[in-house]
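Read through the structure below, which is laid out as structure tokens, and then see the notes.
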Amino acid sequence: MSGITTSFFLIFAGAAVVASLALYTRQPLIIAYIVLGAVIGPYGVEWVTDLKLLADIADVGILFLLFLLGLDMQPRALIDTIQKSTVVALLSSLAFASLGIGIAFLFGFTLVECLVIGAAMMFSSTIIGIKLLPTTVLHHKHTGELMIGLLLLQDLIAIFVLLLLMAFGLGEFSIMDFSLTLLSLPLFVAAAFAAVRWIVLPLLRRFDRFHEYIFLVALGWCLGLAEAGHALGLSAEIGAFLAGISLATSPISQYIAVNLKPLRDFFLILFFFSLGARFDLGLIGEVLVPAMVLATTMLGLKPVIFRYLLHGLSERNSLAWDLGFRLGQVSEFSLLIAYMAAGSAIIGREASHLIQATTIITFVVSSYIIILNYPTPIAISDKLRRD
């Protein structure tokens with residue numbers, strides 16, 4: 001068998017085994033995939049070693065997740081939600097960054113490393129937040145709209161941070177290039193909606209009898225805008241989300257969403273596997289104490305800060321706590337910040353692994369908190385299980 005075929009066999013056969021064990025022992029499936037990656041990855045028994053390829057493939061899962069989210073977000077409702085969420089997103093990001101910087105400073109990291117660690121703490125996981133939210137809540141209720149608004153604003157802040165890291169990683173920073181990248185966003189949005197109105201939807205209406213054609217156009221549109229977003233410096237994730245939103249007003253959007261879910265889940269298994277596999281277990285002793293302190297701080301204070309800020313917007317107390325705990329972890333964007341900053345020699349290996357370890361710890365603990373206390377599609381309790 002070829003290398004990629006062997007890797008896929010080991011990953012998905014192993015995922016089937018650990019998923020069965022997780023279900024029998026009432027554990028979250030997400031945790032099982034991360035553990036599998038740590039065990040059979042290059043820092044475990046070394047059965048799967050081509051992590052760059054797998055990580056690239058796994059990133060496609062995130063794109064499909066965001067594309068499907070966009071398909072269920074009406075543009076007008078999204079704009080209203082973002083307007084309400086802006087203050088919460090900015091103040092919470094500032095608070096989390098300050099906490100991260102302060103803790104990193106106490107453990108003796110350099111000023112630049114403290115700033116990068118603080119920046120990585122600002123965001124919550126789109127994957128954890130959305131995957132553990134019931135579909136009916138995500139698509140049709142205020143909780144889902146508010147979560148999407150907050151996560152989208154955080155993604156925009158993350159893109160801003162990544163642009164800064166790319167600029168400093170190249171050894172130069174151009175205000176002009178940076179401003180042009182940010183200004184390209186509204187033009188990108190306008191071009192996407194124009195293309196849907198005048199090209200994509202007419203094609204879908206003309207050939208809607210051919211289901212394979214609809215599938216191909218949807219995939220091409222999602223990945224095409226993702227590539228365009230990357231080329232403009234805005235990130236592939238923003239492009240994929242915009243691809244979904246631009247199609248959301250079409251009656252065919254729900255058909256596309258239903259048919260792409262299995263493909264999304266395929267890639268997300270690879271994402272969680274690669275998350276566990278890319279962490280060097282040999283460095284755990286060096287970062288365990290600061291990672292535990294940082295993770296505990298984020299897990300303890302993120303829900304409180306979100307609750308306080310959301311309640312200040314006249315949101316119900318129960319809804320504010322619900323969203324606070326669902327957004328109480330660190331983000332996959334934090335991992336990207338760690339990889340990029342370390343690759344550009346902006347931070348050292350220890351600081352990068354501190355961010356990675358903190359992210360994994362918060363992923364694991366936050367998943368347990370949500371699954372044991374709030375309605376989710378994969379809840380252990382039948383009472384809390386909601387599709």
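Derivation of every value follows stated rules applied to the coordinates shown; laboratory data play no part. Here the structure is a predicted model, which is why all the values come from computation and not from measurement. Please note: Cβ atoms are built from the backbone with ideal geometry, for glycine as well, and neighbour counts cover all protein chains shown.
Compute the distance in nm between two label points, each set 7 Å from the Cα along the Cα-to-Cβ direction, one at residue 284 and one at residue 373.
The modelled label-to-label distance comes out at 2.6 nm.
How far, in nm, would the chain grow between residue 111 and residue 23 when pulled straight, counting 0.36 nm per residue and subtracting the alpha carbon separation? Display every interim value, and only then the final one.
On the way: separation 88, 0.36 × 88 = 31.68 nm, distance 4.44 nm.
Here the segment from residue 111 to residue 23 would lengthen by 27.2 nm.
Going toward the positive end of the dipole of the range 56-373, with +1 on Lys and Arg Cβ and -1 on Asp and Glu Cβ, which of 165, 144, 127 do you reach last?
144
For the range 227-247 and the range 285-301, compute the distance between their C-alpha centroids and round to whole Å.
33 Å
Which helices, taking whole DSSP H runs in the chain, have alpha carbons extending 15 angstrom or more along the helix axis plus mean Kyte-Doolittle at least 0.0?
On the way: long enough: 3-24 (31 Å, 1.87); 29-40 (17 Å, 2.99); 51-71 (30 Å, 2.14); 75-106 (45 Å, 1.29); 142-169 (40 Å, 1.90); 175-195 (30 Å, 1.89); 211-231 (30 Å, 0.93); 236-247 (17 Å, 1.64); 253-277 (35 Å, 1.04); 284-312 (41 Å, 1.26); 332-343 (17 Å, 1.35); 349-373 (36 Å, 1.02).
Those that pass (Cα extent of 15 Å or more, hydropathy at least 0.0) are 3-24, 29-40, 51-71, 75-106, 142-169, 175-195, 211-231, 236-247, 253-277, 284-312, 332-343, 349-373.
So what does log10 I(q)/I(0) come out to for the range 235-293 at q = 0.16, 0.26 Å⁻¹, using the Debye formula with one equal point on every Cα and no solvent?
-0.72, -1.09
Treat every Asp and Glu Cβ in the range 56-373 as -1 and every Lys and Arg Cβ as +1, leave all other atoms uncharged, and give the resulting dipole magnitude about the Cα centre to the nearest 20 debye. Mind dumping the intermediate values first?
Details: 16 positive and 20 negative charges, 179 e Å.
My answer is approximately 860 debye.
Rounded if a/c is under 1.5, else prolate if a/b beats b/c, else oblate: with a ≥ b ≥ c from the C-alpha gyration tensor eigenvalues square-rooted, which is the chain? It would help to have the intermediate numbers written out before the result.
Working: a/c = 1.28, a/b = 1.17, b/c = 1.09.
Rounded shape, in that the Cα axes give a/c under 1.5.
Zone of residue 6 (label point 7 Å along Cα→Cβ, backbone N under 20 Å): which residues in the range 253-283?
Correct set: 274, 277-278.
Can you give the FRET efficiency for residue 156 and residue 210, using 1/(1 + (r/R0)^6), R0 = 35 Å, r = Cβ-Cβ distance, to the nearest 0.05?
Given R0 = 35 Å and the Cβ-Cβ separation, E is 0.45.
Based on the mean of other beta carbon atoms within 10 Å per residue, what is the order of 100-111, 207-218, most packed first? Intermediate results must be reported in sequence, preceding the final value.
On the way: 100-111: 17.1, 207-218: 14.0.
The peptides rank, most packed first, as 100-111, 207-218.
For the chain, what number of Lys pairs, 8 or more residues apart or on separate chains, have alpha-carbon atoms under 27 Å from each other?
Summing the qualifying lysine pairs gives 14.
Mind giving me the nanometre distance, one decimal, between the label points for residue 166 and residue 191, set 7 Å out from Cα along Cα→Cβ?
1.4 nm
Per-residue ellipticity at 222 nm for the chain, helices alone: DSSP H runs ≥ 4 residues times -39500 (n - 2.57), over residue total, nearest 500 deg cm²/dmol?
Values: 17 runs with 298 residues, N = 387.
Roughly -26000 deg cm²/dmol at 222 nm, from the helical runs in the chain.
Of the peptides 233-239, 256-262, 331-337, how do they stack up when ordered by the mean number of other Cβ atoms within 10 Å, highest first?
Values: 233-239: 22.0, 256-262: 15.6, 331-337: 24.7.
Packing proxy ranking, top to bottom: 331-337, 233-239, 256-262.
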